[in-house]
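Right, one structure below, let's go through it.
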Amino acid sequence: MYFRRKQSQGRIYLQIVESHRTGDQVRQRVIATLGRLDELEATGQLDRLLRSGARFAQQAMVLDAARAGDAATVAVRRIGPALLFERLWQETGCQSVIVALARGRGHRFALERAVFLTVLHRLMRGGSDLAADRWREDYRITGSDGLDLHHLYRAMAWLGEELRSDQQDAATPFSPRCTKDLIEEQLFAHRRDLFSRLDLVFMDTTSLYFEGLGGQTLGQYGFSKDHRPDLRQMILAVLLDGDGRPVCSEMWPGNTADVTSLVPVIDRLRQRFAIGRVCVVADRGMISAETIAALEARGLLYILGVRERTDKLVRDVVLNDAAPFVPLVIEKRKRETNYGAKAVKLGEQRYIVCINHQEAKKDAAERAAILAALERQLRRGDKALVGNTGYRRFLKTVGEGHFAIDRSKAEEDARFDGVFVLRTNTDLNPLVAMLRYKQLWTVEQTFRTAKHLLATRPIFHKLDETIRGHVFCSFLALVLKAELDARIAALGHNGSWPAILADLDALTETEVEQDGRRFLLRSAPRPAAGLALRAAAVALPPTVQAVAAG
């Protein structure tokens, strides 16, 4: 039934009408005519009628009272984050794995809930464990009410705790096996089936600096990718499978060089996850003659980036190969990118020369802009150019300490426009090898997510085990994010991560008191949150529900 306005002889009447089906047709039947609409509104009879009826419609009554401000608000909590990520936490196996490993340790608090709270905070806001403890006060997170800050610290220490000596077989020279390694292995086993294989591994590293000393061994001075050589740091490596899902993380002292870490990590990976054939995809910072020899000695396949500007063989021989590129056009988000690739064989060494034609045009335009700026500056005087490395690479010295544009340097630089070179021992088609390597950028995006979006920093912990646990919570957050991304993609959508977080944070539950009873009022979900909840198959709680007494 519903209200209907009916016009008759220039006046508008309000009727109550119901629809009913007669055969294949739907007809309306007037239940009652309440009177002229203008008179009902003027006398207030319509408002009184609706309020009277609302007594028999609890939901409408509570919502009306809340909108009018007649219902006393008891509490407001944000429910979106836990509602979504609790489901993913369960279905990825994170909850069951942690509960099983923690069982029997005698913890007198909900350790799994402490880990989940930290991971949820890392997804939504990021920061320290102290910040997580304060943040949760505004959120409804099942099972977290009894947790204190020291419980979060103990949970971090448990995650990073070294295993017994008889469980250290797969340790690297840089770090021991810890509880977090068992979790990674069991999470992989949880999602592994007869058809899934770990035959393609993407690896990249980054550095995370400390505000303090950085534990007993992890915090060391080294090459800082954060451009903070004044601070101690640690090295974090994340390995992803061919689908872009996180497999495991590695944490080493901050003075560990990338080229020395790749082979031990791959040896450890094969032992931990019982894999045989594997193709390692890593960036140019990982490559060295010793690394390649070690990979080949183990019968491992690899696709490694090459420093095309500084590798003399690549610069003088490989890039001069006259064979044409095999073209490839990739369309993404209604934009086309033109690539090309070709294989160059030098003895037993196989190189793949790749080019991104859009990047080549961009590089050429940037160089032209620099040369034009140089010409303008040289007409005004050249002393200011001495310290500008961007300009200096196209200059030559003439006369007594003066500069001029070196056109030969500009021509040499143009050879590298849009070009990147790979070295591989696979027999993959050049275009396929290029696409495999391009997937490595997923790992780089993962690091940007971990360091900025998930805000792994700041790290204030003083012990190696709590530092490892703190950073590992970012890895678990990435596991949940990758799962959500995959489910949204399966629906044919590209979800905006910032929009999802903002919309989840806006999904609230308000507890109100009306006529001596308490109710929970749930806000309407915004579009991005609605998409994420649908992708995770999460049902929303009722718009209005009564709170049980006591």
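The values are calculated or read from the model by the stated rules, or taken from the named source; none is laboratory data. The structure displayed is predicted, hence computed values, not measured ones. A quick note on method: Cβ atoms are made from the backbone with ideal geometry, for glycine too, and the neighbour counts reach across all protein chains shown. Surface areas here come from the heavy atoms of the whole protein model, side chains and all, with no ligands, DNA or RNA. Shrake-Rupley method; radii C 1.70, N 1.55, O 1.52, S 1.80 Å.
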In the set (1) 0.96; (2) 0.94; (3) 1.11, which value of Rg/Rh (Cα atoms, Kirkwood Rh) was calculated from the structure you see?
-> (3)
What does the stretch 95-189 give for Rg and for Dmax, in Å, if only its C-alpha atoms count?
-> 14.3, 44
Ranking Tyr221, Tyr153 from most to least accessible area with a 1.4 Å probe gives Tyr221, Tyr153
For Glu375, tell me the accessible area in Å² from a 1.4 Å probe, rounded to the nearest 10.
-> 70 Å²
Please go through the residue pairs Lys361/Lys396; Lys312/Lys342; Lys362/Lys481; Lys180/Lys332; Lys312/Lys409 and name each one whose alpha carbons sit more than 28 Å apart in this structure.
-> Lys362/Lys481; Lys180/Lys332
Accessible-area order (highest first, 1.4 angstrom probe) of the listed residues Thr397, Thr510, Thr217, Thr118 | Thr397, Thr217, Thr510, Thr118
By the mean-Cβ-within-10 Å protection proxy, highest first, 203-212, 22-31, 141-150 rank as 203-212, 141-150, 22-31
Across all Cα atoms of the stretch 458-550, Rg and the largest Cα-Cα distance (Dmax), in Å, are 18.3, 55
Charge tally in the Cβ shell below 9 Å around Leu147, where Lys, Arg are +1 and Asp, Glu are -1, Leu147 excluded = -1
Extension gain, Gln439 back to Gln45 (0.36 nm per residue minus Cα-Cα distance, nm) | 135.1 nm
Exposure ranking of Lys462, Lys345 by accessible area [1.4 Å probe, largest first] | Lys462, Lys345
Are there any helices in the chain, counted as whole DSSP H runs, that stretch 24 Å or more along their axis by Cα and score at least 0.0 on average by Kyte-Doolittle, and if so which?
-> 464-490
On each of the three principal axes the extent of the alpha-carbon atoms of the stretch 177-314, given in whole Å and largest first, is 49, 44, 24
Jot down the radius of gyration and Dmax of the stretch 1-45, Cα atoms only, both in angstrom.
-> 12.7, 42
